Amino acid sequence: MFCRRYILYGGNYSLSSARSKEVIIPYFKETDMKILVLNCGSSSIKYKLYDMEDESVLAQGGVERIGLDEAFIKITLPSGEKKVIMHDMPDHKEGVNFVFKCLLDPEIGAIKDLEEIDAVGHRVVQGGDLYEKSVIVDKQVEAGIESLCDLAPVHNAGHLRGIRAVDALMPGTPQVCVFDNAFHATMPDYAYLYAIPYELYENFHVRRYGFHGTSHRYVSHRVCEMLGRDIKTQRIITCHIGNGASVSAVKFGKCVDTSMGLTPLAGLMMGSRSGDIDPSAVTYLMEKLGKQPQEMAEYLNKESGVLGITHISSDMREIEDAAKEGNERAILALNMYNYRIKKYIGAYAAAMGGVDIIVWTAGVGENQIGTRLAACSDLEFIGVKMDAHANEVRGKEAIISAPDSKVTVCVVPTDEEIVIARDTMALVKK
């Protein structure tokens, strides 16, 4: 049994209310829990509220431009309609507070009291080698996340602000951290270590961590459910292809390699990230461009990739449209993008001694027909045979390989939030 104290500033049950309220409420954890999932970035908060009895989504939305002018929340109503509300949000505490107000609002909300929220689950990008599984938040965990801010300064700092905002507004409410890199903790040392002096790993934790772990975890399990196969018998390559993109090798239920590294910059060519690049090219460009380390990191993360090649956009939909109109840079970017995915598929098939399933997920992977077809072409030698008609699918579960393909190629929409909600419920119920 816990006691929880709720503090909602500037109104409790209605967006128009001007009252504040403090309530101390005892509660007992039930099986039909309501879990709030938060993904707090440097200036944003995405949220979903689940009823875990049937895993239905009660409310969802996102706050943008925290600490900036013209901050707002965009709410997806049960009807599918989007509602945007402008609201001044100078920090994450006010951002989380406003999410709570919207959840409680009689017209657009989903709950009557904050006490209905049994726990809060947080996505945390970087758990380093401190956290190989999801954990309940305490002061030690907060300190651990803070100690890893050097490895993911923007992401981890935002996550911490979200955790502390919830603690300030709902003291005593259980909070759980689900780490992006935890699924990749099963990689063997020969896969995650870099070929640099070993003491750099010992002293500074420099190694491959990988990211998008909750997505790779979800789709690798879901595709086996979908196909009626035991994950412990399958060699799976999961392709999380969005604005950020990564590929993972999942052998018999465990990740054995992944394309991202110490940070999300490594691996595939992405929307605005360079992906793999010769380190000497980086130091060479720093000299030529007169950039300091942090400036170069920004350049490779935000001005490179598809955006850097085309100078059109980091959005693959716009690049495909430009390519259809004959834009040579867009065509080049698509060729580079698809080729690199294919290389990783081939590499991971070799690493696992074959492949049984290839899964496509995330924004591009779920919707970009051309990328899936191009990246899986000429892979007949490892057993891949695509069905062009079946590949026309967008945004829903489907088998897109030919019936006689030795490797089953599938589309599985990802659901990272439900993984976070499930982990949160499992830990809180213990």
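The values are calculated or read from the model by the stated rules, or taken from the named source; none is laboratory data. Everything quoted here is computed from the prediction, not taken from an experiment. We place every Cβ from the backbone using ideal geometry, glycine too, and count neighbours over all the protein chains shown. Calculation scope for accessible area: heavy atoms of the full protein, side chains included, ligands and nucleic acids excluded. Shrake-Rupley method; radii C 1.70, N 1.55, O 1.52, S 1.80 Å.
Below, the figures for the structure above:
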quantity: Selected residue [crowded, with 19+ Cβ neighbours inside 10 Å, hydrophobic (A, V, I, L, M, F, W, C) and in the same structural domain as residue 150 (by the TED database)] from 72, 100; calculated: 100
quantity: Selection status of residue 370, under 26 Å from the mean Cα position of the chain (by Cα), open to solvent by 30 Å² or more (accessible area, probe 1.4 Å) and at positive phi; calculated: no
quantity: Selection count, the range 141-163, where residues are at pLDDT 85 or above and either crowded, with 16+ Cβ neighbours inside 10 Å or in contact with a His (Cβ under 7 Å, 6 or more places away or on another chain) (or both); calculated: 9
quantity: Count of the range 51-71 residues which are in a strand (DSSP E or B), touching a Gly at 6+ places or on another chain (Cβ under 9 Å) and either closer than 15 Å to residue 159 by Cα or not aliphatic (A, V, I, L, M) (or both); calculated: 1
quantity: Helices (runs of 4 or more DSSP H) within the range 311-377 that include 2 or more residues out of contact with any strand residue (DSSP E or B) (no Cβ under 8 Å at 6 or more places or on another chain), acidic (Asp, Glu) and closer than 25 Å to residue 389 by Cα; calculated: 316-324
quantity: Failed item in (1) open to solvent by less than 30 Å² (accessible area, probe 1.4 Å); (2) touching a residue at least 24 places away in the same chain (Cβ under 8 Å); (3) farther than 20 Å from residue 213 by Cα, with residue 112 passing the rest; calculated: (1)
quantity: In the range 124-140, residue modelled with the lowest pLDDT [restricted to those that are open to solvent by 10 Å² or more (accessible area, probe 1.4 Å) and of a type in the set (A, V, I, L, M)]; calculated: 130
quantity: Test result for residue 416, under 21 Å from residue 250 (Cα atoms) and open to solvent by 60 Å² or more (accessible area, probe 1.4 Å); calculated: no
quantity: Residue 247 over 19 Å from residue 340 (Cβ atoms), in the same structural domain as residue 338 (by the TED database) and of a type in the set (Val, Ile, Thr); calculated: no
